[in-house]
Amino acid sequence: MAITMEELRAQFYEHLQQAHAQEAFEELRVRYLGKKGEVTGLLKNMGAIAPDKRKEYGQMVNALKDEVESSIKKRIEEAHQRELEMRIAATERYDLTLPSGLSEGSYHPITLVQREVEQIFASMGFTIEDYDEIVDDYHCFEALNIPKHHPARDMQDTYYLSNGQLLKTHTSAAQNAIMRKYGAPLRAIFPGRCFRNESTDACHENTFFQMEGIMIDENISISNLIYFMKTMLSEVFQRDVKVRLRPGFFPFVEPGFELDISCAICGGKGCPSCKNSGWLELCPCGMIHPNVLKAGGIDTDKYTGFAFGLGLTRLAMMKYGIKDIRDLNSGNLKSLDQFVK
Ligand code: FA5
């Protein structure tokens, strides 16, 4: 007895279920859809079909043909996908418990010390500001009471750009913009990279970091300045450090001071890190000159303020006992390893 269409469909799916390889799918295609294939063969039964049902029967056979065709195609795609996944699994097997083989990263000592100082000042109500590295003459000098041809410009060997701008020689270059941005009263610190065209030695680099701080309010005096400097140093070093304050000249402060720290490398005896003086200039500071306040739009009848320019790179040297400042820019990963946190 001839097989019915339903029986043929069921038989096909049973065979399809058992087929896994490409050749098996090809065999199925020939067996069911080839010229002498079993689905094609259904058309041979057409003579036994009543004439008014033949059209419908032909359509059903064609639908079965399409179904067989697309079912085989789908299984071929699934088989490809499975094979691909197996290949990936075989080549990329991760064992998340294995050690990475890479050493732990570390923060640069300047970053560590910068963050520490930032935290100290933030806890005392100072905001932390960012400023450009390329600045103009006005902000770096003129707004700081250093007019053109003033001899104080020689104190900082400046890198000028061909467009007349310059690389920031000190973080004081941001003072004017920050005063103008916030007005008074104001407490802000602004760390930054500075550039000076000078010869390098154990305590001088041509690229180094400073952190500027300004506090402007009514009745700010030198005693406020000394209090903040002392607090900052005792928090950073967590011990008593020997410092000295001596008069210093900077056109943007009056009076001005040099704050030196006893050299932590030699304990104050004198060594190359402190140029054999036993002291290292660390944080010049002073009361902001009225001309600078005025340039920043601050009412000098009402407000006074102090400013300091902390040498962050030197602070990192002193805190971590780094003998030569040039090591900090050397990119020597071995020496940085010790700062892994
Ligand atoms: C200034 O740059 C002033 N703007 C600081 C200031 C701010 C004074 C506010 C008063 C009020 P000076 O050139 O001395 O000053 O630099 C300040 C600190 O930066 C130095 O004490 C030192 O710690 C550090 N420093 C300066 N030049 C170098 C250098 N070449 N390499 C490493 N650190 C340096």
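Just a few scattered comments:
- Placing +1 on the Cβ of every Lys and Arg and -1 on the Cβ of every Asp and Glu, with nothing else charged, gives region 273-341 a dipole about its Cα centre of roughly 200 debye.
- Put simply, the amide H of residue 127, placed in the peptide plane, has neighbours under 5 Å in 187, 188, 189, leaving out anything fewer than 5 places away on its chain.
- Our coupling estimate for region 204-220, obtained by passing each phi through the Karplus curve with A = 6.51, B = -1.76, C = 1.60 and θ = phi - 60°, is 10, 10, 8, 10, 8, 10, 10, 10, 8, x, 9, 9, 10, 6, 6, 6, 6 Hz, Gly and Pro reported as x.
- Contact order normalised by residue count of the chain, Cα under 8 Å, 6+ apart, percent: 16 percent
- For residue 194, the residues whose modelled amide H falls within less than 5 Å of its own, excluding neighbours fewer than 5 places apart on the same chain, are 208, 209, 210.
- More than 21 angstrom apart: percent of Cα pairs within region 273-341: 49 percent
- Using the Karplus relation 6.51 cos²θ - 1.76 cosθ + 1.60 with θ = phi - 60°, the per-residue 3J(HN,Hα) values for region 249-263 come to 10, 9, x, 8, 9, 7, x, x, 9, 9, 10, 9, 10, 5, 4 Hz, with x marking Gly and Pro.
- Solitary cysteines of the chain, where the nearest other Cys Cβ is not under 4.7 Å: 140, 194, 203, 283, 285
- Considering only alpha-carbon pairs that sit under 8 angstrom and 6 or more positions apart, the relative contact order computed for region 1-89 is 30 percent.
- Positive dipole terminus of region 6-51, leading residue within 40, 8, 28 (C-beta point charges): 40
- Prolate/oblate/rounded label for region 155-239 (Cα gyration tensor, a/c 1.5): oblate
- Given charges at beta-carbon only (K, R positive; D, E negative), |dipole| of region 1-108 in Debye: 680 debye
- Accessible area in square angstrom per residue, region 270-326, 1.4 angstrom probe: 36 Å²
- C-alpha long axis of helix 22-33 to longest principal axis of the chain, angle in °: 40 degrees
- Other-chain or far-sequence residues with amide H under 5 Å of residue 286's (modelled H): 257, 307
- In order along region 54-69, phi translates into HN-Hα couplings of 5, 4, 4, 4, x, 5, 5, 5, 4, 5, 5, 4, 4, 5, 4, 4 Hz, rounded to whole numbers, per the Karplus curve 6.51 cos²θ - 1.76 cosθ + 1.60 with θ = phi - 60° and x for Gly and Pro.
- Taking label points 7 Å from Cα along the Cα-to-Cβ direction, residue 294 and residue 181 give a separation of 2.5 nm.
- With a 1.4 Å probe rolled over the protein heavy atoms of all chains, the accessible area of 241, 117 falls in the order 241, 117, largest first.
- Taking all protein chains as they are arranged and a probe of 1.4 Å, the heavy atoms of residue 209 leave approximately 50 Å² accessible to solvent.
- Region 45-202: C-alpha gyration tensor shape, a/c 1.5 cut-off, then a/b vs b/c: prolate
- Rolling a 1.4 Å probe over the protein heavy atoms leaves residue 49 with an accessible area of roughly 40 Å².
- Sulfur and carbon atoms: percent of accessible area, the chain [1.4 Å]: 52 percent
- log10 of Debye I(q)/I(0), alpha-carbon scatterers only, for region 34-88 at 0.13, 0.27 Å⁻¹: -0.48, -1.01
- Taking all protein chains as shown and a probe of 1.4 angstrom, residue 13 keeps an accessible surface of around 80 Å².
- Three-way shape label, region 241-315, alpha-carbon gyration tensor, a/c 1.5: prolate
- Magnitude of the charge dipole, the chain, Cβ model with Lys/Arg +1 and Asp/Glu -1, debye to 20: 340 debye
- Taking each DSSP H run with n ≥ 4 as -39500 (n - 2.57) and averaging over every residue of the chain yields -12000 deg cm²/dmol at 222 nm.
- In terms of overall dimensions, the C-alpha atoms belonging to the chain reach 119, 46, 41 Å along their principal axes, ordered largest to smallest.
- Reach of residue 275 by Cα under 23 Å, taken over lysines that are not fewer than 8 positions away in the same chain: 242, 319, 323
The values are calculated or read from the model by the stated rules, or taken from the named source; none is laboratory data. Quantities reported herein were computed from a predicted structural model and do not represent experimental measurements. No Cβ is skipped: glycine too gets one built from the backbone with ideal geometry, and neighbour counts run over all protein chains shown. Ligands, DNA and RNA are stripped out before the accessible areas are found, and what is left, the full protein with its side chains, is counted by its heavy atoms. Shrake-Rupley method; radii C 1.70, N 1.55, O 1.52, S 1.80 Å.
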